[in-house]
Structure formats: structure tokens, C-alpha cells
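In what follows, a structure is listed as C-alpha cells, so that the remarks can point back to it.
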Amino acid sequence: MKKPVRVAVTGAAGQIGYSLIYRIAAGEMLGKDQPVILQMLELPMDKAQAALKGCMMELEDCAFPLLAGMVGTSDPKEAFKDADYALLVGARPRGPGMERKDLLMENAKIFIEQGRALDEAASRDIRVLVVGNPANTNASIAMKSAPSLPKKNFTAMLRLDHNRALSQLAAKASVPVADIDKLVVWGNHSPTMYPDYRFATVGGASLKDKINDEAWNRETFIPKVGKRGAAIIEARGLSSAASAANAAIDHMRDWALGTNGKWVTMGIPSDGSYGIPVDIMYGFPVVCANGEYTMVRDLPIDDYSRTMMDKTLAELQEEQAGVASMLA
Ligand code: NAI
């Protein structure tokens with residue numbers, strides 16, 4: 001049996017947390033031969049801590065063979081101590097009357113504190129996934145608040161958008177989801193994201209040629225993927241949780257165990273490729289192998305794509321400007 005690895009999850013007793021921690025403990029994220037120690041962070045309030053206690057009791061009752069230990073805490077440094085992986089799910093939701101700018105600032109406070117705690121306490125090889133919204137900007141803040149950790153180890157979750165796009169494409173083309181490769185979702189995890197299937201293949205042939213419907217692409221597909229989160233809220237009365245947890249598992253599993261050459265979308269700090277300024281946390285196509293991701297480079301960008309990619313970039317830059325004073 002391998003040595004256990006430490007997996008930190010913040011907001012562990014929330015909606016997504018409740019769909020996530022049991023799957024991690026069952027080996028769905030890091031493999032059925034990889035024991036894990038779960039280190040779970042929740043707010044210090046009695047209600048949150050009691051909910052976390054309940055979740056831990058249920059973890060016990062699952063008797064997962066791979067669960068080698070668990071910690072429940074309200075102290076970020078304790079949650080991140082020696083952690084090999086961190087899934088930062090907990091974030092401040094938008095309250096009544098709260099402006100977007102206030103939401104950004106409240107979350108900036110959380111991700112500055114958590115970035116510093118990661119910097120101080122986590123394994124030097126930690127791999128961080130930020131799920132809590134605004135995910136790209138929160139990931140960027142955590143990265144900048146942890147200067148002793150490699151920047152490339154901070155990522156934001158675009159995988160739910162990627163998976164949503166895959167399903168829509170599979171349905172439109174009447175092909176199995178698993179047969180589609182080379183899909184990209186560029187940019188911010190927000191309705192400005194740009195799902196792009198120009199390079200996508202199905203069984204090696206062009207998916208774009210198979211679909212051959214540019215009006216559907218622009219008028220149905222792109223808006224549908226962008227507004228899917230809102231559609232789920234309208235239908236369920238609650239935001240996506242099972243699919244968000246599933247996407248977090250997919251993101252981390254692929255990063256840790258590899259994609260066998262398949263493209264996936266990850267929010268990663270830009271290296272300047274595709275005209276996206278350095279360090280902007282942006283959705284890019286990547287392949288993963290040996291615990292590292294590599295950006296898929298040099299794809300041709302046409303005029304329509306450039307406009308879409310710049311629009312989502314502008315939103316990210318606006319978010320960054322909104323929190324710049326806090327990072328100064
Ligand atoms: P939730 O409100 O059910 O759970 C969040 C949990 O985090 C709560 O239990 C809360 O007590 C805890 N929390 C809040 N601040 C914390 C902090 N500073 N430290 C530790 N714990 C903290 O929310 P849900 O549905 O689980 O969503 C979590 C986040 O994920 C939200 O920001 C949501 O917008 C985001 N999200 C992101 C997606 C993506 O694709 N990137 C998709 C779906 C949701």
C-alpha cells in the first residue's frame with residue numbers, strides 16, 4: 001500500500017463539500033490504491049462546525065478502506081499542514097444587496113488568508129484547485145499570497161464548464177461523450193467563458209465538420225454553456241453541487257494521474273501564450289502527465305475567437321483591478 005497523502009478541503013460541510021469528500025475518501029480522485037488523510041476546514045461558527053462534525057461521523061460510518069485519517073478544523077494552517085492537495089471550495093456567497101465589488105473584496109480577504117496559510121504550512125509540492133467563486137480571481141489571489149510556492153501549482157476550476165460543453169456537443173452530434181477530444185473552454189469561469197470546439201475531434205474526425213452548424217454554435221451552444229449554472233439554480237433552487245464536485249474530482253484526478261494525451265481545460269496562470277498577459281488565471285487547453293500539466297500551444301485563433309477570448313480576459317482584468325488594492 002502507498003503512503004497516505006494529505007488532501008485539504010475547505011467548505012467541506014457545504015453543498016459541494018458533501019458531494020466531494022466521500023468520493024475522495026473512496027479513491028475516486030487519486031486512485032483506488034492511494035490512501036488519503038482528509039483535512040477539512042469550515043468556518044468557526046457553531047453551526048458550520050457541527051455540520052462538519054456530522055460529515056466526519058458519516059465518513060467514519062462509510063468505513064472507507066482508503067481513509068487513513070481525518071482532521072476537522074476552523075484554522076487554515078491546521079487544515080493545510082503538510083497538505084499535498086488542496087481543494088478550496090469554501091467562499092463567501094453573494095448576500096442580499098451585496099454588490100459584485102463587495103463580493104470580490106470579501107472573497108479576496110478569504111483567499112489572501114488561505115494563500116498565506118498554504119505558503120506557511122503546506123507541502124512545497126502542493127497542488128491547489130480553487131472552486132469557490134469568483135474562482136479564477138480567487139485562485140490568482142491565493143497564488144500571489146503564497147510567494148514561496150510554485151505559481152504553476154495554483155489552478156482554478158473550468159472543468160465543470162468543459163464537461164457541460166462536452167455533454168451538449170455529444171447530444172448535438174449523437175456521439176458518446178467519451179469519444180470527443182480536443183475541446184477548450186477559454187477564459188473566466190463566468191458566463192463570458194468561450195467554449196470552443198473548432199479543434200474537437202470525434203473518433204479522429206473533425207467534430208465541427210460533423211456538426212456543421214455555426215448558427216447553433218453562436219446562438220445556442222455558447223450561451224447555453226455560459227448560462228448553465230443559472231439554469232440549474234432556476235430548476236433546483238440551489239446551485240450546481242454534484243456536478244461541481246464531479247468536475248473537481250475530474251480536474252484533480254487528471255492532474256495527478258494524467259490524461260493519456262487527451263485535452264482538458266484548466267484555469268492556470270498564463271505564461272503569455274495566446275496574447276493572455278502573464279499570470280492571468282485563465283482557462284486553457286492542457287494535457288497532463290507525471291503530475292504536471294502542459295498547455296496546448298500554437299492553436300490558430302480566428303477573429304471571432306479573438307473577440308470572445310478578449311471579452312472574457314477583459315472581465316478577468318476588471319476583477320483583478322477590483323482587488324488590486326488589497327494585494328498591494
Ligand atoms: P455552500 O454555501 O453550500 O458551501 C460553502 C461552505 O463553505 C459552507 O459550509 C461555508 O460554511 C464554508 N465556508 C465559507 N467561507 C469559508 C472559509 N473562509 N473557510 C472555510 N469554509 C468556508 O456553497 P457550495 O454550493 O458548496 O459552493 C461553494 C462555492 O463553489 C461557491 O463559491 C460557488 O459559487 C462555487 N462554485 C464554483 C463552481 C465552479 O465551476 N468553479 C461551480 C459551482 C459552485
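Brief remarks follow.
- Checklist (1) within 12 Å of the ligand (Cβ to nearest atom); (2) touching a residue at least 40 places away in the same chain (Cβ under 8 Å); (3) of a type outside the set (A, V, I, L, M, F, W, C); (4) closer than 29 Å to residue 278 by Cα applied to residue 106, failing item: (2)
- Neighbours by Cβ (under 6 Å, 6+ apart or cross-chain): first from segment 249-275, within 20 Å of residue 161 (Cα to Cα); second among the acidic types (Asp, Glu) and part of a helix (DSSP H, G or I): 264/254
- Lone unmet requirement of (1) near the ligand (Cβ under 9 Å from one of its atoms); (2) surrounded by 19 or more Cβ atoms within 10 Å (Cβ to Cβ) for residue 85: (1)
- Filter pass, residue 284 being closer than 23 Å to residue 131 by Cβ, open to solvent by less than 60 Å² (accessible area, probe 1.4 Å) and assigned by the TED database to the domain that holds residue 184: yes
- Test: residue in segment 24-33 that is outside the structural domain of residue 258 (by the TED database), more than 15 Å from the ligand (Cβ to nearest atom) and assigned to a helix (DSSP H, G or I): yes
- Selection within segment 257-279 - in contact with a Pro (Cβ under 7 Å, 6 or more places away or on another chain) and either open to solvent by less than 20 Å² (accessible area, probe 1.4 Å) or among the hydroxyl-bearing types (Ser, Thr, Tyr) (or both): 265, 270
- Single residue of segment 217-244 satisfying the filter (among the basic types (Lys, Arg) and closer than 16 Å to residue 311 by Cβ) that is least open to solvent (accessible area, probe 1.4 Å): 218
- In segment 98-128, residue nearest to residue 48 (Cα to Cα) [restricted to those that are out of contact with any helix residue (DSSP H, G or I) (no Cβ under 7 Å at 6 or more places or on another chain) and open to solvent by less than 80 Å² (accessible area, probe 1.4 Å)]: 110
- Pair list, Cβ < 8 Å and 6+ apart or interchain, from segment 29-49 residues that are without any contact (Cβ under 8 Å) to a residue 40 or more places away in the chain and within 19 Å of residue 88 (Cβ to Cβ) to residues that are polar (S, T, N, Q) and more than 8 Å from the ligand (Cβ to nearest atom): 40/73
- When the residues of segment 53-82 are filtered to those that are small (Gly, Ala, Ser) and more than 24 Å from residue 240 (Cα to Cα), the one that is least open to solvent (accessible area, probe 1.4 Å) is 79.
The values are calculated or read from the model by the stated rules, or taken from the named source; none is laboratory data. Since the structure is predicted, the reported quantities are computational estimates derived from the model, not experimental observations. Neighbour counts run over all protein chains shown; Cβ positions are idealised from the backbone, glycine included. Protein only, heavy atoms only, side chains kept; ligands, DNA and RNA dropped before computing areas. Shrake-Rupley method; radii C 1.70, N 1.55, O 1.52, S 1.80 Å.
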